[in-house]
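This report concerns only the one structure given below.
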Amino acid sequence: MDFRISEEQRAFVDTVRKVCHKEFAPRAIKYLDGAWPAENMRRLAEIGVLGMAVPQEHGGSGLSILDTVLVLEEIGKVCYVTAMAALGELGVQTRIIATYAPDSIKRKILPRVATGEAILAICMTEPDAGTDVPNYRTNCEVKGDRVVLKGVKTLISRADIAEMFVVFTRVNGVAGAAGIGCVLVPGGVKGLSAKASFHTMGGEYLSEVIFDDVELPLENLVIRDNGMKRLLSAFNTQRCLNPAICLGLAEGALEEALRYMRERSAFGRKIGEFQGLRWKVADMYIQIEAARGLLYRAAVSGDRFPDPTLAAMAKIYTNEMSIRVTSEAIQIHGGYGFTDEFAVSRFFRGARYGSLGGGTTETLRNLVGRQLVEQMDLATGCFGMGTF
Ligand SMILES: Cc1cc2nc3c(=O)[nH]c(=O)nc-3n(C[C@H](O)[C@H](O)[C@H](O)COP(=O)(O)OP(=O)(O)OC[C@H]3O[C@@H](n4cnc5c(N)ncnc54)[C@H](O)[C@@H]3O)c2cc1C
């Protein structure tokens, strides 16, 4: 369990932090209406952030999951919308392409991900099944050296601008989890349409995406048989990156609360002198540090992808912690905290997303509970070892 931060990591994170505070923080408010943070994404590409999940041979830096957690945490501290936009390039879709796609596709798309020219979308959720992956209806039929994809996905981020869609799909109509695979769909192909239909409380728009008999080369079907296990292993990365944003949101909210406590007066004193508020910020800080410990530990677990149980625990705790902490930060701001004048309301809106995406807290609790009851070796005991 070693997650000391090296000098190199510190220097990189420091560069990201400076850009975030100087450039991203002042314009964060404008993304609440759904605007795509294009200028921030360009800047993140320039300083090497968007290439972090891209292997070196394809123009990226192939940095670790912990590095990515540290960077998303910094962006989350100032701007939820930018952090979510960056997650699209640093998260599961890039990692699925980098791990499972043939070289011909990797060569085409990955260098463009690193430069920020190609935006990626991940399409899992369907109108009738989100969490319930084994019941997805989207189907990919193999016909000789071609495949034909048909189905509808919904609540999809970045779909209106994506250059490639990483689509979880049933293959050849095989029922249940055994039939789930993954196909890569280039934007703009015949039969693909996406419409930004839902404005979210976090700011961004989500789309419905229709695949109406989209025909593709067989090589685009990157995971075919019994792919659910491989797809969900890759998804354990997302279960560290989503909470990294939540950790940042909580930290940003605590910083704002502390600033306000030093400035605002009531009853002839700074409100920071009230013990009731000092206890609040103490509790906020304790929860942030507890979440950080769990999350960094999950990020360095596993070989290629993080340990599923540690990632689930880190996600559950950090997601729920960030809702509590950002809500308390609003409380410390009084009525102003509820307005758009102060960043804390934005932090709270963003934090509310965490427990919904990348595996809901309920289903992840199912995973942890199942591990404990069905797999835990009570004879040797392995609490704290991260091995169960
Ligand atoms: C901002 C945002 C961005 C998103 N971006 C994307 C994206 O890019 N791509 C994508 O594919 N999706 C995306 N989503 C969708 C998100 O992944 C889904 O909303 C999520 O997976 C939950 O699916 P659902 O909404 O269908 O809820 P459901 O699966 O219908 O769940 C409803 C409720 O039932 C609970 N539940 C379900 N099954 C169980 C169970 N077995 N035990 C206990 N409780 C259970 C859930 O936890 C939840 O509380 C995004 C969502 C948001 C809010």
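Assorted remarks:
- Each Lys and Arg contributes +1 and each Asp and Glu -1, all at the Cβ; summed about the Cα centre of the range 120-225, the dipole is approximately 80 debye.
- Under 5 Å, built H, 5+ apart or other chain: amide partners of residue 223: 182
- Evaluated with a Cβ-only charge set (Lys, Arg +1; Asp, Glu -1), the range 92-178 carries a dipole of roughly 220 debye about its Cα centre, given to the nearest 20.
- Net charge of the neighbourhood of residue 315, taken over other residues with C-beta under 11 Å away and scored Lys/Arg +1, Asp/Glu -1, is +1.
- Considering only the chain, percent of DSSP beta bridges that pair antiparallel, nearest 5: 85
- Using the Karplus relation 6.51 cos²θ - 1.76 cosθ + 1.60 with θ = phi - 60°, the per-residue 3J(HN,Hα) values for the range 63-77 come to 7, 6, 5, 4, 4, 5, 4, 4, 6, 5, 4, 5, 5, x, 5 Hz, with x marking Gly and Pro.
- Kirkwood Rh (inverse of mean 1/r, distinct Cα pairs), the range 7-114, angstrom: 14.1
- Kirkwood analysis of the chain, using all unique Cα-Cα pairs, places the hydrodynamic radius at 21.6 Å.
- Label-point gap, in nm, between residue 212 and residue 304 - each point 7 angstrom along Cα→Cβ: 3.7
- The phi-based Karplus calculation (6.51 cos²θ - 1.76 cosθ + 1.60; θ = phi - 60°) puts the 3J(HN,Hα) values of the range 127-138 at x, 9, 7, x, 4, 7, 4, x, 9, 4, 9, 3 Hz, whole numbers, x for Gly and Pro.
- Across the range 311-325, computed HN-Hα scalar couplings (Karplus, 6.51 cos²θ - 1.76 cosθ + 1.60, θ = phi - 60°) run 5, 5, 5, 4, 5, 4, 5, 5, 4, 6, 4, 5, 5, 5, 5 Hz from first to last residue, x flagging Gly and Pro.
- From helices alone, the chain scores -15000 deg cm²/dmol at 222 nm; the rule is -39500 (n - 2.57) for each run of n ≥ 4 DSSP H residues, then divide by the residue total.
- Charge-dipole axis of the range 51-159 as Lys and Arg at +1 and Asp and Glu at -1 on Cβ define it, positive-most pick from 91, 152, 110: 152
- Aspartates and glutamates whose Cα lies under 17 Å from that of residue 30, excluding same-chain neighbours fewer than 8 positions away: 39, 204, 340, 341
- Anchor residue 229: lysines whose Cα lies under 20 Å away (excluding residues fewer than 8 positions away in-chain): 315
- Taking the chain as a Gaussian network of alpha-carbon nodes connected by springs under 10 Å, the highest mean-square fluctuation of the residues 360, 68, 339 belongs to 339.
- Separation of the range 141-215 and the range 268-312, taken as the distance between their Cα centroids, equals 36 angstrom.
- Look at 39, 163, 89 and count the other Cβ atoms within 10 Å of each Cβ; fewest to most, that gives 39, 163, 89.
- Ranked packing of 21-28, 104-111, most packed first, by mean Cβ within 10 Å: 104-111, 21-28
- For the chain, size of Cβ-based charge dipole, Lys and Arg +1, Asp and Glu -1, in debye: 400
- Dipole axis of the range 92-251 (+1 Lys, Arg; -1 Asp, Glu on Cβ), positive-most option in 142, 161, 120: 142
Where a number appears in this text, it was derived from the coordinates with a stated rule and is not lab data. In this text the structure is predicted, and so the values were computed from the model without any measurement. Positions of Cβ are generated from backbone atoms using ideal geometry, with glycine treated the same way; all protein chains shown enter the neighbour counts.
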